[in-house]
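Beneath this line is the structure, given in structure tokens, with notes to follow.
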Amino acid sequence: MKCLISQLCEFFYKCGWAPGTASGCSIRIGGPDVNQPWRVFVAPSGVQKEDVVAEDVFEMDMNQNVVQKSKTSGLKLSASTPLWFIVYKHRPKAKCVVHTHSMNAHLATLLDPTEKSDVLRMTHLEMLKGVGRYAYDDTLEIPIIDNRPTEAELAEQLEAAIIKYPKCNAVLVRRHGIYCWGDSWEQAKTQLESFDYLFECAIKMRQIGVDFSAVPSSGTFHVRDSSSQATKKRKIDEVAQSSSSAVSGFNGVGTVNNLSDLADRNIPLLPADSSVLLLDIEGCTTAISFVKDTLFPFVTENLDAYVKGLDQMKIKEYLCNILTDIDCTSDTNVKSQCKSVVNSCKDEPQKLKAAVRKLVELDVKATGLKAMQGHMWKSGYDSGELKGHIFADFKPLLLWCKDQNVKVCIYSSGSIKAQKLLFRHTLEGDLTPYLSSYFDTTSGGKKVASSYGNIAKSLGVHPSKIVFVSDSEDELVAAREAGIGFPVMSVRPGNAPMTDVGKSFPKVHSLLQLCGSQQ
Ligand code: ZN
């Protein structure tokens with residue numbers, strides 16, 4: 001057993017989980033099953049873990065008395081010793097407890113930027129099978145406790161977490177590391193490896209804007225068979241609920257391939273003196289493909305019913321505005337195509353529907369069409385049929401900014417009315433209480449430097465105090481020209497690939513990468 005402890009310590013050191021003299025390990029044997037007294041073997045404190053030898057290891061009984069001291073003079077018991085015994089007390093089957101300072105475990109405790117959560121949840125990851133009695137589509141819950149000046153002072157919180165989460169076989173310590181145990185030393189070791197993989201996976205998923213705690217709305221998830229009808233029904237309800245909360249037809253990526261941009265990991269932080277965060281919507285808070293794959297199809301799919309519900313006057317008004325749009329189009333090909341479909345229709349409702357379909361198909365941006373689309377989207381949002389897409393990091397960012405007194409404002413080319421509609425009806429509910437101001441092109445074009453000066457003026461702050469995040473290179477260049485303190489490139493799945501201009505700006509894959517430098 002003593003040799004095994006020294007080998008495990010060396011292994012943890014080689015994994016990079018035991019820098020300095022950090023981390024520790026204990027194994028227990030004996031007990032009533034084998035008619036032997038319990039014995040707990042404990043690694044010493046303050047020794048480089050790659051240098052621990054069998055003679056350094058302490059042997060203890062279950063009352064925490066040392067039965068056999070370390071044969072190397074001057075060594076002390078591991079600082080985690082009281083914690084080993086808490087685990088052994090509450091997990092009668094546990095035979096090995098390990099504590100490490102793995103970087104991935106440490107960072108996983110910071111995935112909640114408020115640092116208030118007491119549990120880390122993840123689901124739909126194959127390696128969940130490696131950490132105990134979990135299936136791929138179960139939700140794993142790992143308790144998180146706050147750090148304290150010494151390991152021994154963690155005891156009370158560790159005990160409370162183990163009792164609160166009877167299924168858990170690991171506890172994370174915020175800004176510190178992990179305690180993990182198994183029914184054998186082999187199980188403790190393989191679980192630690194699997195946990196580490198999962199933590200790294202969660203950190204990287206966050207960086208590319210994927211929520212590791214959410215059931216994916218499409219792809220590989222499935223409903224497991226269960227003999228109990230009640231469980232089966234509950235599972236089906238859960239899936240129905242989760243898929244209804246995900247907007248239909250939206251996969252978050254679209255067809256644009258910008259994977260090489262996403263691979264580049266360069267993490268900027270919000271400067272400590274910035275007071276305003278100005279955000280673009282499409283490609284920043286919200287996937288670009290939400291508009292293309294959800295909002296536009298919503299209009300064409302609901303057009304018949306919508307027009308049927310309109311009175312004669314309203315139809316006449318919409319049609320008149322849209323015919324003006326067509327007349328004003330400079331593209332002669334578009335103009336002739338639209339005119340020919342309109343002329344082939346008999347009555348006004350038919351003409352209106354045909355014109356809208358053609359304009360949407362040809363991707364024409366026009367005033368009359370926009371107004372009608374806006375009304376249709378409003379009724380969709382109001383009825384709950386439409387929900388505004390936001391990336392999973394957006395709400396945590398808003399909570400963090402609220403905590404830090406950073407104002408969050410929106411600047412988008414969509415009208416202020418449309419912006420408010422989207423944020424009032426998002427996948428995560430009404431987010432308008434977290435947003436301070438909205439700006440659209442009435443403050444000036446987004447690619448024009450003076451617009452950013454106008455916004456700073458109306459917010460009453462110096463441009464240098466503003467952080468502006470956008471996926472548009474031209475907008476970032478204009479913002480930089482206007483003296484905006486920190487223009488940041490938003491890199492999201494489905495955004496247009498960056499050129500060298502975009503690459504010259506600091507980049508974020510998740511808005512949460514901006515958090516953290518304030519304290
Ligand atoms: Zn520690």
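The values are calculated or read from the model by the stated rules, or taken from the named source; none is laboratory data. Predicted, not measured: the structure shown is a model, and the values here were computed from it. Ideal geometry is used to build each Cβ from the backbone, glycine not excepted, and the neighbour counts take in all protein chains shown. Accessible surface is based on the protein model in full, side chains and every heavy atom, while ligands, DNA and RNA are left aside. Shrake-Rupley method; radii C 1.70, N 1.55, O 1.52, S 1.80 Å.
So here's what we get for this one:
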| item | result |
| --- | --- |
| Helix 394-404 axis, angle to the chain major axis (alpha carbon atoms, nearest 10°) | 70 |
| Ranked packing of 191-197, 363-369, most packed first, by mean Cβ within 10 Å | 191-197, 363-369 |
| Counted charge near Lys365, where neighbours are those whose Cβ lies closer than 15 Å (Asp, Glu -1; Lys, Arg +1) | -1 |
| Note, ³J(HN,Hα) from phi for the stretch 472-480, Karplus 6.51, -1.76, 1.60, rounded to Hz, x at Gly and Pro | 9, 4, 4, 5, 5, 5, 4, 5, 5 |
| Solvent-accessible surface ranking, highest first, for Tyr165, Tyr179, Tyr13 at 1.4 angstrom | Tyr13, Tyr165, Tyr179 |
| Three principal axis lengths of the stretch 273-361 [C-alpha, angstrom, descending] | 62, 33, 22 |
| Inverse mean reciprocal Cα-Cα distance (Kirkwood Rh) of the chain, Å | 26.7 |
| Sequence ranges 52-61, 340-349, ranked by mean other-Cβ count within 10 angstrom, highest first | 52-61, 340-349 |
| Solvent-accessible surface ranking, highest first, for Ser330, Ser470 at 1.4 angstrom | Ser330, Ser470 |
| Accessible surface, the stretch 299-368, averaged per residue in Å² (probe 1.4 Å) | 60 |
| Cα gyration tensor shape for the stretch 2-207, rounded if a/c is under 1.5, else prolate or oblate | prolate |
| Of all accessible heavy-atom area on the stretch 1-131, the percent that carbon and sulfur account for (1.4 Å) | 52 |
| Pairwise centroid distance, computed over Cα atoms, of the stretch 482-511 with the stretch 154-218, Å | 32 |
| Part-to-part distance (alpha-carbon centres) for the stretch 328-342 and the stretch 354-400, which is given in Å | 24 |
| Contour minus Cα-Cα distance for Cys345 and Asp33 (0.36 nm per residue) | 103.6 nm |
| Shape category assigned to the stretch 297-440 from the gyration tensor of Cα positions, a/c cut at 1.5 | prolate |
| Virtual spin-label span in nm between Lys447 and Thr432, 7 Å along Cα→Cβ | 3.2 |
| Principal axis dimensions, largest first and in whole angstrom, of the stretch 47-147 by Cα | 48, 29, 24 |
| Cα gyration tensor shape of the stretch 425-519, rounded if a/c is under 1.5, else prolate or oblate by comparing a/b with b/c | rounded |
| Hits among aspartates and glutamates - C-alpha to C-alpha of Lys446 under 18 Å, sequence gap 8 or more where chains match | Asp280, Glu282, Asp471, Glu473, Asp474, Glu475, Glu481 |
| Restraint check, Lys314/Lys395; Lys353/Lys395; Lys353/Lys407; Lys14/Lys395; Lys71/Lys93, Cα-Cα greater than 31 Å | Lys314/Lys395; Lys353/Lys395; Lys353/Lys407; Lys14/Lys395 |
| Centroid-to-centroid separation of the stretch 68-119 and the stretch 454-475 [C-alpha atoms, Å] | 46 |
